[in-house]
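A short worksheet on the structure shown next.
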Amino acid sequence: MDSSDGLSTTLNEMAKQSKKKFIVNKIPTNRDLEDYCKKQKKNLNSAVFNGGEEYEFVFTVPSKFKKIIIKNAQLLKTPIFEIGYVTFGNGVYLENKMGETKLNDLGWKHFK
């Protein structure tokens, strides 16, 4: 899937369709976005997970294929960023030292 409607929307749809729990433990951001959010007093997580229009691919890979996917991505000079893992359960959660927080689907909603 792509993340053009917001990463929270994409992850929640993937979790729903697969009937699995998605855990995000690495937030996909960069220094420019962090600086912008700080200067504009915007919430970084909201910008990362609920913004859209970036058209990044979001996918899951069984752990047994992880090394070959990383190797092929490097050979193809295609950067990939691992943001978490999939487990039994349902929903999408942000994980940090304090525990898990539910990541609601707050991305773009067509026709609403």
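Assorted remarks:
- Where a residue in region 82-108 is touching a residue at least 24 places away in the same chain (Cβ under 8 Å) and small (Gly, Ala, Ser) and its partner, wherever it lies, is exposed (fewer than 14 other Cβ atoms within 10 Å of the Cβ) and assigned to a strand (DSSP E or B), with Cβ under 8 Å and at least six apart: GLY91/LYS102
- Evaluation of THR29 against (1) more than 16 Å from TYR93 (Cβ to Cβ); (2) of a type in the set (S, T, N, Q); (3) crowded, with 16+ Cβ neighbours inside 10 Å (one fails), failing number: (3)
- Test for LEU11: is it out of contact with any helix residue (DSSP H, G or I) (no Cβ under 7 Å at 6 or more places or on another chain) and either aliphatic (A, V, I, L, M) or within 18 Å of GLU100 (Cβ to Cβ) (or both): yes
- For region 20-63, residues that are in contact (Cβ under 8 Å) with a residue 12 or more places away in the chain and within 19 Å of ASP2 (Cα to Cα) total 25.
Every read-out reported here was derived from the displayed coordinates using simple, explicitly stated rules and does not represent laboratory data. Since the model is a prediction, treat every value here as computed from it, not as a measurement. Quick reminder, even Gly has a Cβ in these numbers, built from the backbone with ideal geometry, and neighbours come from all protein chains shown.
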